[in-house]
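*Asks:* First, the structure itself, so that you have it in front of you.
The values are calculated or read from the model by the stated rules, or taken from the named source; none is laboratory data. For clarity, every value in this text was computed on a predicted model and none was experimentally measured. Using ideal geometry, Cβ is built from the backbone for each residue, glycine included, and neighbour counts are taken over all protein chains shown.
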Amino acid sequence: MSLPAPLHLDSDHLRFLTGGISINAASSDGNGVPSLCRAIGCRVKGGGSRLVLFLSEPAARTLLEDIQRSGQIAAVFSDPLTHRTLQIKGWDAARMPLEPGDAEVVEGYRAAFVERLKSIGFQACFVRALLGCGTMDLVAVAFTPGAAFNQTPGVQAGAPLEGPSR
Amino acid sequence: MIPVRALRECLDGAIPGVVSTCALDGTPNVAYMSQGMFVGPEHLALSYQFFNRTRQNILANPRVTLGLTHPHTAQQYRVHLAYERTETAGPIFESMKAKLAGIASHTGMTGVFRLQGSDIYRIEGVEWVPGSTLPAPGPEGDPLPALRACVESLPASPDTESLLDAMLDGLERHFGIHQAMVLMLDAGRHRLYTVASRGYPVSGVGSEIQVGDGVIGVAARERVPIRISHMTSEYAYGLAMREGGAAPGGETEIPFPGLASPGSQLAVPIPGLREPLGVLFLESPQEMRFSQAEEDALVALAAQVGALFRLFLAELDLAEEFLPAPVREPGPSGSPLRVRHYAANDSVFLGDDYLIKGVAGNILWILLQDHQALGRTQFSNRELRADPRVRLPDQSDNLEARLVLLHRRLAERKACVQMEKTGRGRFRLLVTRPLDLEDMDPGEG
């Protein structure tokens, strides 16, 4: 199967994806059963040509197996304050070794998410528990964004993201 | 085992669930859930608002993985679901529609979130996602002790009025619920009338709500509890809400007593044999005031009160009929008060003041006529039930509730006519002023 052309995400989108918002990733097995896991950060590489999601391995075991099998991934990014929501799909997802700076990205994400949820009444200990992951459990999955959909609630929800492809 | 309680708390919590589906070719999709609710031990319903990719996927492939987060412990769950059907009417749909209206209003999505259907899923399995969690909150959130105290405070002797009072007092004392009311169903007129309330500047006894209108009316029509955790104008009762227009001869309006800006509302049907007996309605200025666990407790309380109410009615019907021989008591002295009765809707006016209408108005008119013509002051519920002039809509009509309503309206208005309980299912009419009874359109009476 030929993969769709990579999608260009502009700087506003990239800021959004790395802005301390909620991230969940999904895939599926070969029998039509979806898998799902909360991610604990996102790193942008190559100016947005690759996205790296961080996951806790014990929590993401099934998702990682499914990604390894099919390379398919769907990730939803949502700002709990504004409900702005974006779904990005990729067809070449794969687990990658951690790189220098990844742990800092995850810690920065945690701090930003804690700060964001604090403003709507969540305590830091709750958010940190939600994003908890032992150092040894941290894994990375990278993919090329192939399609993106605006999922902010409203009439436009579900529409593909418009933008110049490259 | 399905951790029903924890999952219900997740569905009720502030962290939205995440719905993962996949197309027939395996392409995954992930989206946020607007609303979900448990509909039995092995099923849950998710709101369907838009025909989106999630919906296309579940129609082609029913498998769904739902991610939920517990609002207190941060425990994450993955619930594996299989789509079964979509409901577009009925109790589940109406309950979700009302809740969604609250969520939409809270999130600035009024007009955007509109429920098209309730998608019903079978729960195939639940995974506890490994990760860090916080300790579960202590037992202070458990409403069972309050429920027990409330049930223990309900009267054992058959007195429906004190039963309703005990329930409202118990809610205030044991549950800390300060705004509450009981409305009884008038099945013939498809209306609910307020018979008791707590926590409002005026009691609103006698005010009416149409079956199907707002959270109270929908709860009665669908026989399902309706709980809204955020203020929404869609289900609000305006303070100006009236009981159904003017009567011939004057306004017959008793304003509904509800809060002008409720943050939370909960309407729980009080079960009857076929139709509900009525609705217990609770509200609070605070958002997210009523938890799922409290809803459970109040459903149990309403069931107990409903069963006791019906038991009391049966006991009152079997009670020994003992009526003292009619004695013509000396009439009161003073200037007479004009009392008008309009047969068209049985509205009764004391002087210029509207008092009551409907079956309760008709009962009052009969009592006053008998008092005037025969000098009677002693009456029994059983005798009224059998009296052809009372014209109850049907055999199962809740005469007791109408007498409670009449008793309260007279007491509230400090009228020159009062009802005084004299024993089980009996009462005495106290008239402190001469009355000048006028039937305004007797042709229909």
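*Asks:* Taking segment B:61-74 on its own, how many of its residues are out of contact with any Phe, Trp or Tyr (no Cβ under 7 Å at 6 or more places or on another chain) and facing chain A (nearest Cβ under 9 Å)?
*Replies:* Qualifying residue count for the region: 9.
*Asks:* Continuing with the same structure: Name the single residue that is surrounded by the most Cβ atoms within 10 Å (Cβ to Cβ) among those in segment B:349-363 being over 11 Å from B:LEU435 (Cβ atoms) and touching a Leu at 6+ places or on another chain (Cβ under 7 Å).
*Replies:* B:ILE356
*Asks:* Return only the number of the condition from (1) within 14 Å of chain B (Cβ to nearest Cβ); (2) closer than 20 Å to A:PRO100 by Cα; (3) out of contact with any helix residue (DSSP H, G or I) (no Cβ under 9 Å at 6 or more places or on another chain) that A:ARG50 does not satisfy.
*Replies:* With (1) within 14 Å of chain B (Cβ to nearest Cβ); (2) closer than 20 Å to A:PRO100 by Cα; (3) out of contact with any helix residue (DSSP H, G or I) (no Cβ under 9 Å at 6 or more places or on another chain) applied to A:ARG50, the lone miss is (1).
*Asks:* Out of B:ARG428, B:ARG433, B:ARG376, report the one residue that is closer than 19 Å to B:PRO332 by Cβ, in a strand (DSSP E or B) and among the charged types (D, E, K, R).
*Replies:* Testing whether each residue is closer than 19 Å to B:PRO332 by Cβ, in a strand (DSSP E or B) and among the charged types (D, E, K, R) leaves just B:ARG428.
*Asks:* Whether any residue in segment B:167-178 is farther than 30 Å from B:GLU315 by Cβ and either among the β-branched types (Val, Ile, Thr) or free of Cβ contacts under 8 Å to residues at least 24 places away in the same chain (or both) is what I want to check.
*Replies:* yes
*Asks:* Has segment B:129-148 got at least one residue that is outside any loop (DSSP other than H, G, I, E, B), in contact with a Ser or Thr (Cβ under 8 Å, 6 or more places away or on another chain), among the hydrophobic types (A, V, I, L, M, F, W, C) and at pLDDT 90 or above?
*Replies:* Within segment B:129-148 (the criterion being outside any loop (DSSP other than H, G, I, E, B), in contact with a Ser or Thr (Cβ under 8 Å, 6 or more places away or on another chain), among the hydrophobic types (A, V, I, L, M, F, W, C) and at pLDDT 90 or above), the answer is no, since none of the residues qualifies.
*Asks:* Sticking with this structure for a sec: So if I check each of A:GLY48, A:GLY20, A:GLY30, which one is surrounded by fewer than 23 Cβ atoms within 10 Å (Cβ to Cβ), touching a Lys or Arg at 6+ places or on another chain (Cβ under 7 Å), closer than 28 Å to B:ASP25 by Cβ and touching a residue at least 12 places away in the same chain (Cβ under 8 Å)?
*Replies:* A:GLY30
*Asks:* If we scan segment B:92-112, do we find a residue that is surrounded by fewer than 19 Cβ atoms within 10 Å (Cβ to Cβ) and closer than 22 Å to A:LEU36 by Cα?
*Replies:* no
*Asks:* Being modelled with pLDDT of 70 or more and in a helix (DSSP H, G or I) is the filter here, so list the residues in segment B:96-127 that pass it.
*Replies:* Within segment B:96-127, B:MET96, B:LYS97, B:ALA98, B:LYS99, B:LEU100, B:ALA101, B:GLY102, B:ILE103, B:ALA104 meet the criteria.
*Asks:* Against the condition in contact (Cβ under 8 Å) with a residue 12 or more places away in the chain, loosely packed, with under 14 Cβ neighbours inside 10 Å and under 17 Å from B:ALA373 (Cα atoms), how does B:ASP394 come out, does it pass?
*Replies:* Against the criterion (in contact (Cβ under 8 Å) with a residue 12 or more places away in the chain, loosely packed, with under 14 Cβ neighbours inside 10 Å and under 17 Å from B:ALA373 (Cα atoms)), B:ASP394 does not qualify.
*Asks:* Then there is this: Taking the residues in segment B:312-332 that are in a helix (DSSP H, G or I) and surrounded by 13 or more Cβ atoms within 10 Å (Cβ to Cβ) as candidates, determine which candidate is modelled with the lowest pLDDT.
*Replies:* Taking the candidates together, the pick is B:ASP317.
*Asks:* Do the conditions hold for B:PRO158, that is, is it within 30 Å of A:PRO58 (Cβ to Cβ), out of contact with any strand residue (DSSP E or B) (no Cβ under 6 Å at 6 or more places or on another chain) and either surrounded by fewer than 18 Cβ atoms within 10 Å (Cβ to Cβ) or more than 12 Å from chain A (Cβ to nearest Cβ) (or both)?
*Replies:* Here the answer is no, as B:PRO158 does not meet what is asked.
*Asks:* I'm told B:PRO330 meets every condition in (1) in contact with a Leu (Cβ under 8 Å, 6 or more places away or on another chain); (2) farther than 28 Å from B:SER203 by Cα except one. Can you identify the failing condition by its number?
*Replies:* Evaluating B:PRO330 over (1) in contact with a Leu (Cβ under 8 Å, 6 or more places away or on another chain); (2) farther than 28 Å from B:SER203 by Cα leaves (1) as the failure.
*Asks:* Among the residues of segment A:32-47, how many are more than 8 Å from chain B (Cβ to nearest Cβ) and not in a strand (DSSP E or B)?
*Replies:* Qualifying residue count for the region: 5.
*Asks:* Also: With a cut-off of at least 3 residues that are more than 8 Å from chain B (Cβ to nearest Cβ) and free of Cβ contacts under 8 Å to residues at least 12 places away in the same chain, name the helices (runs of 4 or more DSSP H) lying wholly within segment A:59-166.
*Replies:* The qualifying helices (runs of 4 or more DSSP H) are A:102-118.
*Asks:* For segment B:415-423, state whether one or more residues are over 26 Å from B:PRO276 (Cα atoms) and exposed (fewer than 14 other Cβ atoms within 10 Å of the Cβ).
*Replies:* Yes: segment B:415-423 contains one or more residues that are over 26 Å from B:PRO276 (Cα atoms) and exposed (fewer than 14 other Cβ atoms within 10 Å of the Cβ).
*Asks:* Take the residues of segment B:23-42 that are assigned to a loop (DSSP other than H, G, I, E, B) and more than 10 Å from every other protein chain (Cβ to nearest Cβ): which is surrounded by the most Cβ atoms within 10 Å (Cβ to Cβ)?
*Replies:* Step by step, filter segment B:23-42, then rank; the result is B:GLN35.
*Asks:* Check B:SER47, B:SER20 and return the single one that is out of contact with any His (no Cβ under 8 Å at 6 or more places or on another chain) and within 8 Å of chain A (Cβ to nearest Cβ).
*Replies:* Result of the check over B:SER47, B:SER20: B:SER20.
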